[in-house]
Amino acid sequence: MTATIIDGKSIAEIVRADVAKRTAALKVKTGVTPGLAVVLVGADPASQVYVRNKHKQTLEVGMASFEHKLPDTTPEADLLALVAMLNARADVHGILVQLPLPKHIDSEKVLRAINPDKDVDGFHPVNVGRLSIGEPCLTPCTPSGCIILAKSAQPDLKGLDAVVIGRSTIVGKPVAQLLLREDCTVTIAHSRTRDLPSVVRRADLVIAAVGRPEMVKGDWLKPGAIVIDVGINRVPTADGKTKLVGDVAFQECLSVAGAITPVPGGVGPMTIACLLKNTLEATERSLGLTT
Ligand code: NDP
């Protein structure tokens, strides 16, 4: 068997095209342009790339993009004041503070200062709570992307045994909540899980969010399983360069899985697409067009 490769790049394009279409319709109907504010503190090179891509893709779907780049010496109070100002602005429907923040700033405090209705990252405790009790809410972007990719392989996930490897608040826990919403039977594995290979072998759907290069092996999988690889790990190559690999040993899993995401080109491209989807939904909700 050779698994279907789930093409995250083209699925993200489809999500963005849908967001662009709905954004254009919203503008015609209400005159409102969804606006996303992204705040970057400091000069972390990876964060700069993410923020540049977010800005570009926000404009491409017809939304307004407000970039706020602050020096890494910015006092916490100034950042909180900026968040308060963005909370109050009617033309800003989504606020994203790029992580990581410099060490002198309490990230939790800043994330909690964002109005939950504008929290397009879905990290505010109010949205975490709403997700866990099954209320409509803004859901974290990478986990939402994982669900879209899994459903591209099997549209109805109901009743599947799903194993999530990793229990972070950014990926593992929210993706497990989203799988519950899809009526999966969910197991969350982590570093203290006993006999991880046999836990994974039970799964019809595996979501790996660990940060360990190629940890999940081909013989850990149930034949035909859907495998969503969130991991992004940079490893050295024989020629002295580096390359990106996921948490799943892609080549050996290819002959066992039913469908699998590659790294890069799987989950990665979905994150910004889902951020734009959240910004549109936050705008619609602010206008009373949806619950
Ligand atoms: P964290 O480091 O916050 O969490 C890792 C999780 O993996 C923890 O719950 C940890 O368990 C678990 N873990 C570690 N070692 C093992 C092991 N040997 N066996 C089983 N479980 C283990 O990472 P994140 O959730 O933030 O990110 C995970 C990966 O996803 C990273 O590679 C990251 O780069 C990538 N990522 C990709 C994104 C994207 O594509 N857009 C977005 C976000 C992340 P414990 O809790 O017990 O310590």
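Residues in the range 153-190 that are open to solvent by 60 Å² or more (accessible area, probe 1.4 Å) and in a helix (DSSP H, G or I) were compared, and the one that is nearest to the ligand (Cβ to nearest atom) is K173. Sort out which residues of the range 251-291 are away from the ligand (no atom under 15 Å from the Cβ), within 20 Å of V97 (Cβ to Cβ), crowded, with 19+ Cβ neighbours inside 10 Å and among the small types (G, A, S), and write them in order of number. Scanning the range 251-291 gives a single hit, A282. The residue list G134, G122 contains one member that is closer than 24 Å to G8 by Cα and either in contact with a Ser or Thr (Cβ under 7 Å, 6 or more places away or on another chain) or among the small types (G, A, S) (or both), which is G122. Being assigned to a helix (DSSP H, G or I) and surrounded by 14 or more Cβ atoms within 10 Å (Cβ to Cβ) is the filter here, so list the residues in the range 191-206 that pass it. L196, V199, V200, R201, listed by residue number.
Would you confirm, using the coordinates I've provided, whether Q154 is under 20 Å from V267 (Cα atoms), of a type in the set (S, T, N, Q) and under 17 Å from the mean Cα position of the chain (by Cα)? Considered against the rule, which asks whether it is under 20 Å from V267 (Cα atoms), of a type in the set (S, T, N, Q) and under 17 Å from the mean Cα position of the chain (by Cα), Q154 comes out as no. Taking the range 207-226 as the search range and keeping residues that are within 14 Å of the ligand (Cβ to nearest atom) and assigned to a strand (DSSP E or B), which one is farthest from Q154 (Cα to Cα)? Checking each candidate, the answer is V216. Return the residue satisfying two criteria in turn: it lies in the range 106-128 and is open to solvent by less than 10 Å² (accessible area, probe 1.4 Å) and of a type in the set (A, V, I, L, M), and of such residues it is nearest to A64 (Cα to Cα). The residue in question is V120. Being exposed (fewer than 14 other Cβ atoms within 10 Å of the Cβ), at negative phi, part of a loop (DSSP other than H, G, I, E, B) and out of contact with any Pro (no Cβ under 6 Å at 6 or more places or on another chain) holds for only one residue in A90, A84, A77, and it is A90. K69 falls short on exactly one of the conditions (1) crowded, with 17+ Cβ neighbours inside 10 Å; (2) assigned to a strand (DSSP E or B), and that condition is (1).
Taken together, the criteria exclude P236 from residues that are without any contact (Cβ under 8 Å) to a residue 60 or more places away in the chain and within 10 Å of the ligand (Cβ to nearest atom).
The values are calculated or read from the model by the stated rules, or taken from the named source; none is laboratory data. The structure presented is a predicted model; accordingly, all values stated were derived computationally and were not measured. Cβ: placed from backbone, ideal geometry, glycine included. Neighbour counts: every protein chain shown. With ligands, DNA and RNA removed, areas are computed over all heavy atoms of the protein, side chains included. Shrake-Rupley method; radii C 1.70, N 1.55, O 1.52, S 1.80 Å.
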